[in-house]
Amino acid sequence: MLIDRDTLLQALPIVVEQSFSRRDTILYALGVGATELDYVYEDGLKALPSMAVVLANPGSIWRDPTYGFDWQKILHGEQRLSIHRPLPVDGTVRGETEFEELIDKGPDNGAIAHLTRRLYNSEHEPLATVRSAIFLRGDGGCGGPSQAAYAPHATPETRAPDFTISNRTAETQAMIYRLSGDFNPLHIDPKVAQAAGFDRPILHGLATYGVICRSVVQHLLNNDPERLKTLDVRFSAPVYPGETIEIDCWLEASNEVSFIARAKERDIVVVKNGFAEYTE
């Protein structure tokens with residue numbers, strides 16, 4: 001079943017309202033490997049900025065037969081985040097998600113869906129803009145442009161990184177992270193993972209994203225999450241739970257950093273074109 005591009009792009013925004021508690025905020029932090037009391041202890045609790053990607057999420061739309069996606073062949077391609085206000089540690093948020101574009105790489109090369117979710121607090125003030133690119137490996141030939149309208153951030157890899165941050169993920173990382181709302185069986189069921197072409201369940205791309213966010217906040221922002229304004233990545237390969245994520249960082253300005261990340265044990269780049277902007 002081919003995706004109907006016009007129907008997809010003309011659809012009304014998917015509106016989700018979500019109430020969440022401090023327990024949810026702590027669970028998200030544990031899902032991305034946080035051990036700092038700032039993120040896992042209710043006394044003085046802070047929300048990691050990357051938690052915006054799971055709040056008021058429209059859920060498993062990829063498995064909805066209305067859209068016609070081949071959900072077993074879906075991978076997260078890119079994640080971009082702009083923070084407008086500090087995230088609350090509990091409360092009610094509203095998310096409005098819409099399909100912005102569908103890129104067709106051809107019948108044998110898949111397609112890429114670009115989505116935007118605008119997140120608002122209970123006072124209807126903008127909290128964050130969450131942009132995602134989802135690689136639809138089984139949905140090529142759906143029509144549309146072959147290239148996105150924007151170019152990813154270029155990292156200065158011609159010189160040595162200014163520093164490297166290392167984080168070991170837990171064998172149970174995907175099992176914990178999925179409790180924040182992404183129940184795709186690709187991340188827990190060996191049979192589903194093997195059917196999708198992987199040796200075993202892979203870590204959620206957004207869990208890797210959260211690990212990187214936590215690292216930037218901890219090592220560059222003096223553990224002050226309110227200073228982060230932008231965090232963009234392009235996923236290039238999956239991480240397996242238990243692997244070490246090494247993040248090579250280049251300071252480009254007083255308030256900007258570029259980075260790539262690799263799975264240390266396999267020496268494979270898992271995130272490219274990384275970029276973060278923050279207040280000084």
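Scanning region 12-29 for residues that are part of a loop (DSSP other than H, G, I, E, B), in contact (Cβ under 8 Å) with a residue 24 or more places away in the chain and at positive phi turns up nothing.
For residues in region 26-50 being hydrophobic (A, V, I, L, M, F, W, C) and open to solvent by 50 Å² or more (accessible area, probe 1.4 Å), which is nearest to Ala128 (Cα to Cα)? Looking at the filtered set, the residue picked out is Leu30.
Only residues that are within 16 Å of the chain's Cα centre (by Cα) and either in contact (Cβ under 8 Å) with a residue 60 or more places away in the chain or part of a helix (DSSP H, G or I) (or both) were counted in region 187-213, giving 11. Phe163 fulfils the conditions (1) in contact (Cβ under 8 Å) with a residue 60 or more places away in the chain; (2) touching a Lys or Arg at 6+ places or on another chain (Cβ under 7 Å) except for a single criterion, (2). Filtering region 240-254 to residues that are among the polar types (S, T, N, Q) and modelled with pLDDT under 95 leaves only Ser254.
Picking from residues in region 95-127 that are of a type in the set (A, V, I, L, M) and over 17 Å from Trp71 (Cα atoms), the one that is farthest from the chain's Cα centre (by Cα) is Leu127. Which pairs do you get when a residue that is over 22 Å from Tyr150 (Cβ atoms), found in region 123-137, comes within reach of a residue that is assigned to a loop (DSSP other than H, G, I, E, B), reach meaning Cβ atoms under 7 angstrom, with the pair 6+ apart or on two chains? Once the first residue is over 22 Å from Tyr150 (Cβ atoms) and sits in region 123-137, its partners that are assigned to a loop (DSSP other than H, G, I, E, B) give Glu125/Arg85; Leu127/His84; Leu127/Arg85; Leu127/Leu87; Leu127/Asn121.
Checking each residue in region 99-117 for being open to solvent by less than 20 Å² (accessible area, probe 1.4 Å), out of contact with any Leu (no Cβ under 9 Å at 6 or more places or on another chain) and modelled with pLDDT under 90 picks out Ile103, Gly106. Does Val53 fit the bill of being surrounded by 17 or more Cβ atoms within 10 Å (Cβ to Cβ) and touching a Gly at 6+ places or on another chain (Cβ under 7 Å)? Here the answer is no, as Val53 does not meet what is asked.
Please verify whether Asn273 is touching a residue at least 24 places away in the same chain (Cβ under 8 Å) and either on the phi < 0 side of the Ramachandran plot or assigned to a loop (DSSP other than H, G, I, E, B) (or both), treating the condition exactly as stated. For Asn273, the condition - touching a residue at least 24 places away in the same chain (Cβ under 8 Å) and either on the phi < 0 side of the Ramachandran plot or assigned to a loop (DSSP other than H, G, I, E, B) (or both) - is not met.
Please specify each residue of region 151-182 satisfying the condition of being modelled with pLDDT under 90, open to solvent by 70 Å² or more (accessible area, probe 1.4 Å) and not aliphatic (A, V, I, L, M). Of everything in region 151-182, those that are modelled with pLDDT under 90, open to solvent by 70 Å² or more (accessible area, probe 1.4 Å) and not aliphatic (A, V, I, L, M) turn out to be Glu157, Thr158. Scanning region 57-81 for residues that are surrounded by fewer than 16 Cβ atoms within 10 Å (Cβ to Cβ) and under 26 Å from Leu45 (Cβ atoms) returns a single hit, Gly59.
The values are calculated or read from the model by the stated rules, or taken from the named source; none is laboratory data. The structure displayed is predicted, hence computed values, not measured ones. With ideal geometry, Cβ positions are generated from the backbone for all residues, glycine too; neighbour counts draw on all protein chains shown. Keep in mind that these areas ignore ligands, DNA and RNA; they rest on the heavy atoms of the full protein, side chains included. Shrake-Rupley method; radii C 1.70, N 1.55, O 1.52, S 1.80 Å.
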